[in-house]
Each structure stands twice: as structure tokens, then as C-alpha cells.
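Following: one structure in C-alpha cells, then a few remarks.
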Amino acid sequence: MTRTVIRGGLVVTAAEELNADVLIEDERIVALAAAGSSAAEWTADRVIDATGMYVIPGGVDAHTHMELPFGGTFASDTFETGTRAAAWGGTTTIVDFAVQSVGASLREGLDAWHAKAEGNCAIDYGFHMILADVNDASLKEMDLLVGEGVTSFKLFMAYPGVFYSDDGRILRAMQRGADNGGLIMMHAENGIAIDVLVEQALAAGRTDPRYHGEVRRELLEAEATHRAIKLAQVAGSPLYVVHVSAASAVAEIAGARDAGLPVFGETCPQYLFLSTDNLAEPGFEGAKYVCSTPLRPREHQAELWKGLRTNDLQVVSTDHCPFCFVGQKELGRGDFSKIPNGLPGVENRMDLLHQAVVDGHLTRRRWIEIACATPARMFGLYPKKGTVAPGADADIVVYDPNAVQTISAETHHMNVDYSAYEGRRITGKVRTVLSRGTVVIDGDNYLGRAGHGRYQPRATCQYLDR
Ligand code: DUC
Ligand code: ZN
Ligand code: ZN
């Protein structure tokens, strides 16, 4: 048995902050004790000095797309490169999206994603399932997947002909989820209407990246969010709305929650820190910021921060879906609709959100709540993941709140040739990362290995009584 003690740090969880030492035996946390108490007598094989540091749970990023096939290409991070980058950024669990292809079973999709991930991950991982073809067979398969720990299913109101489900299919999947405990995650944008506006924009010669933001109208996010909420209400199903970017969509979610409905909302760092100003950068630079839902005008950011503070939004995930500028984003030169949708970010989330603490948008505990504890609870991983407590996996980050760093593609570890946050100065930096008791990041050194990360079967959503 290996005993590790993390001494002298400020332990920050969603619930509390305390000056405490943390005792780890092999892969688990076994005790916390106030500094100077019984902890002084703990013997250990390894002592990590955390004086002046925060000791926080490893980040849980509940929305990533490693190797996602999209728009004729693939997201540029593999499970190997993407999970290594996640570790560098203080994230120790990802929940990625396995994809059902149209005409194929859920099983085929899930097996394919297991094959991509197994033996390649630096940190622990789980899967959601994208339902692209809702039919009698795939509805039945949902039950089996829930039993295997794939307890959440993403549906798309966008991308007709690819991932899109009509309202009838959505309703059926929600009804099934209401029965089997699977949580329905919704990409809420009216894709049928958006496709009309895309066609009209291109016909009028509006082909630059910024038109991606213009045709994906805020109203069409709000409308789809509203419709998803009503469909969920009809089905008696909870609902988790992914990558909320529009203030009016936040209002829909807030209204549903005020009415007592089990509706949850996620946003992402790109919507909190970037805007349509980025999409409008000169030349073809705006392509670096093409994702869906799209970036919104700056004014929306205040509403997203407010939603996070008031718990109208509960989770910040990345929707990490990187495409290189050269050769991938460039597929859409002269036609914004051909720019692969997605931004890199799995490495930057914990730091950007710490900057939000420094800037006064969030408290320290809320930082940990939205980035670690709530995603773990939402997706059935708590308290193994998402907290620092006896019995939890020793997924721990020793975080230096005073170190200053500058985000850059020159220094990041994601397999992508640009950073959406290039040149941004951040106060705060990961110093040491443990994944199940193993040090995977130590200062500027990566000590992890592909294959250390294990598949995590998940329980159903822990915010719902079942
Ligand atoms: N949005 C993106 O930006 N990329 C992948 C899929 C999605 O919904
Ligand atoms: Zn989506
Ligand atoms: Zn996504």
C-alpha cells in the first residue's frame, strides 16, 4: 500500500473550505484532518507540500467530443491527447459522447467509442450516448445502456439529416428516459429553421464565419429550449440543456425551474469569455470560434454569469471539440456552413473559471460546485468524483491561486493548432494533479500514461429521486 499525504493546503469543496491535510491510501482518500491535529502523526511514503495552495477535487468535464466525426473530418484530439491535455488543466474525469449512427444500433456506437478510449486515456472517463436514430430498437436499447452505466442520452433539435430528431422522436426518447432513469440532454436549436436561414445567407453571398452566428438566431435557441422543456413536461421527464449560450434560453430554463420542473442547464467557457466579436475577426480568423450553439453578443455573458450564481445554470462543461485551423476549419473558406463546429477547451476550463473567481463572478466554492461536484452528481459519479472526502477517489488538484500564466497554442497540450484564448492572462495554475492516487502532473512534468484512465460506469442522475 502507498500512503500519500497532502499537507498544508486549503481544501476547497463545493460545501466548505478548511485548512486540512489529506491522507490517501493507494487510490482512495481515507482521511482529512485539520492542519496540526492528528494529521501531524500520519506517516506517509510521499508528502506533497501544499502550503499556500488550494487542494481541490479534480475537474469533471461532462461534455467532450474526442475524435468526433463531424462535417467530413474528425475532432483533432484523440482520447490519448485529449485526456492528457485535460490532466494538464486539472480535469481528472471526462464524460464523452458515444455516437449512434443512423441505421446502426446503440450497441455498435458504444462499442466503437469504448474501442477508441480503452487503453488510451490518461484520466478516468465515462460515456453519454448520442441518439441519432430513435426507433423501437434503439428505445429498447436505452434500458440496457442505463444498466451498463451509460445513463444519459443526447438528442439534437439541430443538424437535420445528421443527428436531428423530430419532436415525436424526442418525445418517445423522453418517455423512455422517464421510465428507465436515463437523463435526456438536449442540443436546443431549431435546426430546420436554421437551415433555411443558412441557405438564404449563402445565396445572398454572406459566406464569412460571422454569418454562422447570425443565422443561428438567439430566438431559435430560445424557441427550441422552450419546446424541449414542454416536451419533457409532457413526457414527465427531467431535462438537461447542453451548451446554453443565449440569455433568452437561460430565461426559459429559469422559468421552468421556478415552476418546479426538473430542468437543468449547462454553459461553457466560450460563452462566458468569448463573443460574436471573435466570430467577426478579420479574414477567416472567425472560423476559430465557430461552434453550435454559437457565440453570442457580449451582453449575454452577464446573464450567463448571473445564471451560474443563482443556480439557474448548474454546470460548466467545455463541449471540447477541436478542429485545426489549417486543413479543418479551412474546409469552410467561402462557405461558413462547411466550417466544422467546435472549439478546443478541455485544458482551459478550470483555469478560466478560477479567473472568474478572481474577477468576482463566482465564489471559490461555486467554482468547485459547477466544475466538479455538480457535474459528478448530475451524471451519477458522486461522491467517488467531484469532492475531497474520505472514501472518494483520490482525484485531487493542488492549485496555485497566485501563479500567473498566459494561455497559448505554443504551450497548451491539446492537439490543435490554435487557442481560442490566445494571449489571455490567467491568475491561477495547476501545480500537481493526482488521478486515483497517482501523480499525473507535477509542475511542468507529465507523469501519467495512456491507459491509466478507467471507464466509469455511472449511476443515474443524483438530483432526482428514484
Ligand atoms: N456543437 C459543436 O460545436 N460541436 C459538435 C457538436 C455540437 O453540438
Ligand atoms: Zn450540441
Ligand atoms: Zn457537444
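The values are calculated or read from the model by the stated rules, or taken from the named source; none is laboratory data. Quick caveat: nothing in here was measured; it's all calculated off a predicted structure. Please note: Cβ atoms are built from the backbone with ideal geometry, for glycine as well, and neighbour counts cover all protein chains shown. All accessible areas refer to the heavy atoms of the entire protein, side chains included, with ligands and DNA or RNA removed. Shrake-Rupley method; radii C 1.70, N 1.55, O 1.52, S 1.80 Å.
I'd like to know if the range 268-290 contains one or more residues that are part of a helix (DSSP H, G or I), within 15 Å of ligand 1 (Cβ to nearest atom) and under 17 Å from Ile253 (Cα atoms). Yes, there is a match, as at least one residue in the range 268-290 is part of a helix (DSSP H, G or I), within 15 Å of ligand 1 (Cβ to nearest atom) and under 17 Å from Ile253 (Cα atoms). Determine, yes or no, whether Asp359 is at positive phi and open to solvent by 10 Å² or more (accessible area, probe 1.4 Å). No, not satisfied.
Within 16 Å of ligand 3 (Cβ to nearest atom) and either touching a residue at least 40 places away in the same chain (Cβ under 8 Å) or touching a Phe, Trp or Tyr at 6+ places or on another chain (Cβ under 7 Å) (or both), is that true of Phe127? Spelling it out, Phe127 is indeed within 16 Å of ligand 3 (Cβ to nearest atom) and either touching a residue at least 40 places away in the same chain (Cβ under 8 Å) or touching a Phe, Trp or Tyr at 6+ places or on another chain (Cβ under 7 Å) (or both).
Within the range 8-20, does at least one residue satisfy the condition of being assigned to a loop (DSSP other than H, G, I, E, B) and of a type in the set (Gly, Ala, Ser)? Yes: the range 8-20 contains one or more residues that are assigned to a loop (DSSP other than H, G, I, E, B) and of a type in the set (Gly, Ala, Ser).
Scanning the range 245-260 for residues that are in a loop (DSSP other than H, G, I, E, B) and in contact with a helix residue (DSSP H, G or I) (Cβ under 6 Å, 6 or more places away or on another chain), we see that the one that is farthest from Ser317 (Cα to Cα) is Ala246. Of Asp312, Asp335, Asp258, Asp277, all but one fail to be charged (D, E, K, R), more than 16 Å from ligand 3 (Cβ to nearest atom) and under 18 Å from Pro375 (Cβ atoms); the exception is Asp312. When Ala44, Ala122 are screened for being farther than 25 Å from Thr363 by Cβ, in contact with a helix residue (DSSP H, G or I) (Cβ under 8 Å, 6 or more places away or on another chain) and in a loop (DSSP other than H, G, I, E, B), only Ala122 passes.
Residue by residue, here is whether (1) within 30 Å of Cys461 (Cα to Cα); (2) of a type in the set (D, E, K, R); (3) in contact with a Lys or Arg (Cβ under 7 Å, 6 or more places away or on another chain) holds:
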| residue | (1), (2), (3) |
| --- | --- |
| Tyr211 | no, no, no |
| Glu218 | yes, yes, yes |
| Glu221 | yes, yes, no |
| Lys230 | yes, yes, no |
| Ala246 | yes, no, yes |
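Does Gly391 count as closer than 22 Å to Thr151 by Cβ and open to solvent by 20 Å² or more (accessible area, probe 1.4 Å)? Considered against the rule, which asks whether it is closer than 22 Å to Thr151 by Cβ and open to solvent by 20 Å² or more (accessible area, probe 1.4 Å), Gly391 comes out as yes. If the condition is being among the acidic types (Asp, Glu) and within 16 Å of ligand 1 (Cβ to nearest atom), then the range 60-92 contributes Asp61, Glu67, Asp77. Among the residues of the range 295-307, some residue qualifies, meaning at least one is buried (at least 23 other Cβ atoms within 10 Å of the Cβ), within 16 Å of ligand 2 (Cβ to nearest atom) and at negative phi. For the range 150-174, a residue qualifies if it is crowded, with 17+ Cβ neighbours inside 10 Å and away from ligand 2 (no atom under 15 Å from the Cβ), and the qualifying residues are Val150, Thr151, Arg169, Leu171, Arg172, Ala173, Met174. Assessment of the range 224-241 against the conditions (of a type outside the set (Val, Ile, Thr), within 16 Å of ligand 3 (Cβ to nearest atom), assigned to a helix (DSSP H, G or I) and open to solvent by less than 10 Å² (accessible area, probe 1.4 Å)) yields at least one matching residue.
When the range 440-453 is filtered for residues that are surrounded by fewer than 18 Cβ atoms within 10 Å (Cβ to Cβ) and closer than 23 Å to Trp367 by Cα, the ones remaining, listed by number, are Asp442, Gly443. When each of Ala137, Ala115, Ala98, Ala132 is tested for being more than 16 Å from ligand 1 (Cβ to nearest atom) and either among the hydroxyl-bearing types (Ser, Thr, Tyr) or over 16 Å from Thr81 (Cα atoms) (or both), the lone residue that passes is Ala137.
Every test in (1) more than 16 Å from ligand 3 (Cβ to nearest atom); (2) under 18 Å from the mean Cα position of the chain (by Cα); (3) in a loop (DSSP other than H, G, I, E, B) is passed by Met1 save one, and that test is (2). Elements of the type helices (runs of 4 or more DSSP H) sitting completely within the range 127-219 and holding at least 3 residues that are acidic (Asp, Glu) and modelled with pLDDT of 95 or more: these cover 136-147. Here is the figure for the range 400-425: residues that are within 29 Å of Leu68 (Cα to Cα) and either in contact with an Asp or Glu (Cβ under 8 Å, 6 or more places away or on another chain) or crowded, with 16+ Cβ neighbours inside 10 Å (or both) total 14.
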